[in-house]
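Okay, so here's the structure we're looking at.
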Amino acid sequence: MISTLAAESPAMRTTFLVLMSVVVAAGLTLTIVRALRSTKPPEEQMARLAAQLDGRNRVYIRKMEIRLSQEDLLRVAYSRGYSLIDHRVGKYYEFVYTPYQPGRFA
């Protein structure tokens, strides 16, 4: 439908190509940023994770952004009063604030 409309006029075609280019560039940029975050040293990744676990009820982190072992993730979560949920299908970690029973893994 959109490509049919874009083929009818040069202005629509140009607008369509520009918008699609922006979408592709944005997706590529996000992928590169996430990949670069995962190449940082483990100590820096743990410090960044600890900074994000600041008392909010839930914190979500994509697995692509962090390359720490599950033991390291649990250690940081426990020290901040959080429990860890590993979402394998969605490929992300969920940290749930549980101040009276930290360190649980689900």
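Here are some notes:
- Qualifying strands (runs of 3 or more DSSP E) (wholly inside the stretch 3-97; at least 2 residues being of a type in the set (D, E, K, R) and either in contact with a strand residue (DSSP E or B) (Cβ under 6 Å, 6 or more places away or on another chain) or modelled with pLDDT of 90 or more (or both)): 58-62
- Filter result for Gly55 (without any contact (Cβ under 8 Å) to a residue 40 or more places away in the chain and among the small types (Gly, Ala, Ser)): no
- Filtered by the rule that a residue be of a type in the set (Phe, Trp, Tyr) and farther than 20 Å from Lys91 by Cα, the stretch 11-67 gives a lone residue, Phe16.
- Any hit, the stretch 26-43, residues being surrounded by 13 or more Cβ atoms within 10 Å (Cβ to Cβ), touching a residue at least 12 places away in the same chain (Cβ under 8 Å) and of a type in the set (A, V, I, L, M, F, W, C): no
The values are calculated or read from the model by the stated rules, or taken from the named source; none is laboratory data. Since the model is a prediction, treat every value here as computed from it, not as a measurement. Positions of Cβ are backbone-derived with ideal geometry, glycine not excepted, and every protein chain shown enters the neighbour counts.
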